[in-house]
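Q: Mind looking over this structure? Questions follow.
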Amino acid sequence: MQGLQRYWTDLGRSYFAPVTERWKRDGLAGVASYWRAFFAAEPGAEVKVTQTPEAVALEVKVCPAIKQLRENRREIVPCFCQHCYFISEAMAERADLTVRIEGGNGSCRQVFYRRDPNRAPQNLANIKEASC
């Protein structure tokens, strides 16, 4: 599990580095813009992106990845939804942001904030295990 989490973190830091650079430059507005475009391009996604001066919230009603896996009767590993946290946190960290996620298994809430040392860390127990 630790190896998989490191892989997801490395993916967020390296592969998504160009996105992180935009987030550094544009702040929360860049985060909102990225996720709106991302989910608009994902078939079957039902996601509402809202921005306030303090945060960007993603209300994922239908996760396109989980939906695709289920429709194609593919196995879904229980920790699948944790990838969103580890990748997004690695992306956010370098832009002086952070993310907290609740829910999972096809529907979740992800909130991006400016990094604050007083904010409680992500509790992985708040991310539901995924199933078919």
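The values are calculated or read from the model by the stated rules, or taken from the named source; none is laboratory data. Keep in mind it's a predicted model, so treat the numbers as computed, not measured. No Cβ is skipped: glycine too gets one built from the backbone with ideal geometry, and neighbour counts run over all protein chains shown.
Q: Which of the residues belonging to the range 72-88 are out of contact with any strand residue (DSSP E or B) (no Cβ under 6 Å at 6 or more places or on another chain) and either surrounded by fewer than 17 Cβ atoms within 10 Å (Cβ to Cβ) or not in a helix (DSSP H, G or I) (or both)?
A: Listed by number, the residues that qualify are Asn72, Arg73, Arg74, Glu75, Ile76, Val77, Pro78, Cys79, Phe80.
Q: Search the range 102-132 for residues being polar (S, T, N, Q) and assigned to a loop (DSSP other than H, G, I, E, B), and hand back the single one that is nearest to Ile76 (Cα to Cα). Give the derivation first.
A: First, pick out the residues of the range 102-132 that are polar (S, T, N, Q): 105, 107, 110, 118, 122-123, 126, 131.
Those left that are additionally assigned to a loop (DSSP other than H, G, I, E, B): 105, 118, 122-123, 131.
On the way: Asn105: 9, Asn118: 34, Gln122: 22, Asn123: 21, Ser131: 6 Å.
Checking each candidate, the answer is Ser131.
To keep it simple, each residue is scored yes or no on (1) out of contact with any strand residue (DSSP E or B) (no Cβ under 7 Å at 6 or more places or on another chain); (2) part of a helix (DSSP H, G or I); (3) modelled with pLDDT of 95 or more; (4) surrounded by 16 or more Cβ atoms within 10 Å (Cβ to Cβ).
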site: Val49; (1), (2), (3), (4): no, no, yes, yes
site: Pro53; (1), (2), (3), (4): yes, no, yes, no
site: Leu58; (1), (2), (3), (4): no, no, yes, yes
site: Lys67; (1), (2), (3), (4): yes, yes, yes, yes
site: Arg70; (1), (2), (3), (4): yes, yes, yes, no
site: Ala90; (1), (2), (3), (4): yes, yes, yes, yes
site: Arg100; (1), (2), (3), (4): no, no, yes, yes
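Q: Also: Considering each residue of the range 114-129, count those that are within 18 Å of Gln82 (Cα to Cα) and either of a type in the set (Ser, Thr, Tyr) or in contact with a strand residue (DSSP E or B) (Cβ under 6 Å, 6 or more places away or on another chain) (or both), and give that number. Please lay out each step first, then the result.
A: Pass one, the range 114-129, residues within 18 Å of Gln82 (Cα to Cα): 120-129.
With the extra rule that they be either of a type in the set (Ser, Thr, Tyr) or in contact with a strand residue (DSSP E or B) (Cβ under 6 Å, 6 or more places away or on another chain) (or both), the set shrinks to 122, 126-128.
The qualifying residues number 4.
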